[in-house]
Amino acid sequence: MRRSLGFVATFFVLVSSCFAQTNVPSTRARQVIIDTDPGTDDAMAILLALNSPELKVEALTVVPGNVTAAQGLENALKIVSLAGRCDVLVAAGAQHPLNQKLITAEFWHGKNGLANIELPASKCKADARFGPDLIIEMVHKYPHEITLIPIGPLTNIALAVSKDPSIASLVREVVIMGGSISGGNVDAAAEANIYNDPEAASIVFNAGWPSLTMVGSDIGERTLLTRRQLEQLQEAHGPQSDFVALIAKYLLDLSDRFGFPGAAMYDPVAVGVAVDPSIATTQNMRVDVETRGEFTRGETVANRHNTVERNVLHGDRYIIEGLDRVQPNAKVCVDVKADRFLEMFVSRIKGK
Ligand SMILES: [Ca+2]
């Protein structure tokens, strides 16, 4: 009984301290790098970021995932071009996951990764630098200012922090779309971004960032775009809003086919949390990435109470002698104000 009361008290302290930290108003736009595998929901997330005055998007770095590295680079360039934002650096990165074959998701995202919508050729050119090197350079150029928003597999971020571990303490924060604490969207356990490169994810979760927020698939699946938002998006006309409305229609038709109640806004809600942390309730947890499990490779294993029992060998058996604390390494989103996010998303996209 004492243990469970202690757990409840700890929970409230952790949750309330997160609110205290995240509600501090920011006076100027935060510089962000979005690492992305575009991707339908990536496209919506990038356009949300480009239309959010709270963020200054310095660069997109492209990682293979939903589509190949080459297709992802083409898509990223077309997206920034559509938004008239050739000032945003776009760099290619890794060509494949660290330790396994690439798994692409045209099944969900369309043949070109962008719902089979043919955007105009990009007027923007790719930066020549390797994505992970660009991340390292930018973090040193703007120490303690850069927020990394990885919305694809964590390959590029793992390569960057492995090559230069000093960046871990020099970024402002990391907001990840990935993982889940209540079952996966690939299989019973794993979320796609983590599943597509579990070794990279393990490196990133253990890198020692000042702050790492995990926006899991379970949060995206509680943030459902529906035909109501589609109709709102269709009221406005402009290159960006027309494109997002077409993506939304594609995703909703897909959702209908599979009997989903709406389109999960996986990547956009992670950008939403970077824009306005108060839409998320977070809890500090120790998160480890399963890289070996028979059924659980790619699972984010979260310790909700941040303790493990201490078992001590006495003769032929172990005896539990107490609890050892483990250090949390992530602010895990446990709840989201989905309606507030969807309103923000639609209004900002409709403005374009
Ligand atoms: Ca993505």
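The values are calculated or read from the model by the stated rules, or taken from the named source; none is laboratory data. In this text, all values refer to a predicted model and were calculated from it rather than measured experimentally. Please note: Cβ atoms are built from the backbone with ideal geometry, for glycine as well, and neighbour counts cover all protein chains shown. To get the accessible areas, we keep the full protein, side chains included, count just its heavy atoms, and leave off ligands, DNA and RNA. Shrake-Rupley method; radii C 1.70, N 1.55, O 1.52, S 1.80 Å.
What about Ile203, is it modelled with pLDDT of 95 or more and crowded, with 22+ Cβ neighbours inside 10 Å? Let's see the steps before the verdict.
Numbers: modelled with pLDDT of 95 or more: yes; crowded, with 22+ Cβ neighbours inside 10 Å: no.
Answer is no for this residue.
Output the helices (runs of 4 or more DSSP H) that fall wholly within segment 178-274 and possess 2 or more residues being in contact (Cβ under 8 Å) with a residue 40 or more places away in the chain, closer than 30 Å to Glu118 by Cβ and of a type in the set (Phe, Trp, Tyr), or say none. Full working, then the answer.
On the way: elements: 192-195, 198-205, 217-220, 227-235, 239-258.
In segment 178-274, 239-258 are the helices (runs of 4 or more DSSP H) which contain 2 or more residues that are in contact (Cβ under 8 Å) with a residue 40 or more places away in the chain, closer than 30 Å to Glu118 by Cβ and of a type in the set (Phe, Trp, Tyr).
Please go through segment 167-187 and pick out each residue that is under 9 Å from Glu299 (Cα atoms) and open to solvent by less than 10 Å² (accessible area, probe 1.4 Å). Break it down stepwise before answering.
In the first step, residues of segment 167-187 are kept if they are under 9 Å from Glu299 (Cα atoms); the result is 179-181, 183-184.
Gly179, Ser180, listed by residue number.
Name the residues in segment 139-169 that are among the small types (Gly, Ala, Ser), in contact (Cβ under 8 Å) with a residue 40 or more places away in the chain, in contact with a helix residue (DSSP H, G or I) (Cβ under 9 Å, 6 or more places away or on another chain) and not in a loop (DSSP other than H, G, I, E, B), would you?
As a first pass, look at segment 139-169 and keep what is among the small types (Gly, Ala, Ser): 152, 158, 160, 162, 166, 168-169.
From what's left, in contact (Cβ under 8 Å) with a residue 40 or more places away in the chain: 152, 158, 162, 168-169.
Cutting the leftovers down to in contact with a helix residue (DSSP H, G or I) (Cβ under 9 Å, 6 or more places away or on another chain) gives us 152, 158, 162, 168.
Answer for segment 139-169, where residues must be among the small types (Gly, Ala, Ser), in contact (Cβ under 8 Å) with a residue 40 or more places away in the chain, in contact with a helix residue (DSSP H, G or I) (Cβ under 9 Å, 6 or more places away or on another chain) and not in a loop (DSSP other than H, G, I, E, B): Ala158, Ser162, Ala168.
Starting from segment 32-48, keep only residues that are under 10 Å from Ile79 (Cβ atoms), then list their pairs with residues that are near the ligand (Cβ under 7 Å from one of its atoms) and in a strand (DSSP E or B) whose Cβ atoms are within a distance under 6 Å, requiring at least 6 positions of separation or different chains.
Pairs that qualify, where the first residue is under 10 Å from Ile79 (Cβ atoms) and the partner is near the ligand (Cβ under 7 Å from one of its atoms) and in a strand (DSSP E or B), are Asp42/Thr36.
So that you can scan it fast, the table gives a plain yes or no per residue for (1) surrounded by 22 or more Cβ atoms within 10 Å (Cβ to Cβ); (2) farther than 23 Å from Ile33 by Cα; (3) polar (S, T, N, Q):
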site	(1), (2), (3)
Ala189	no, yes, no
Asn193	yes, no, yes
Pro210	no, no, no
Thr213	yes, no, yes
Asp253	no, yes, no
Asp256	no, yes, no
Pro261	no, yes, no
Gly272	yes, no, no
Asp288	no, yes, no
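If Asp218 satisfies every condition in (1) among the acidic types (Asp, Glu); (2) surrounded by fewer than 19 Cβ atoms within 10 Å (Cβ to Cβ); (3) within 17 Å of Asn185 (Cα to Cα) but one, which is the exception?
It fails just one condition, (2).
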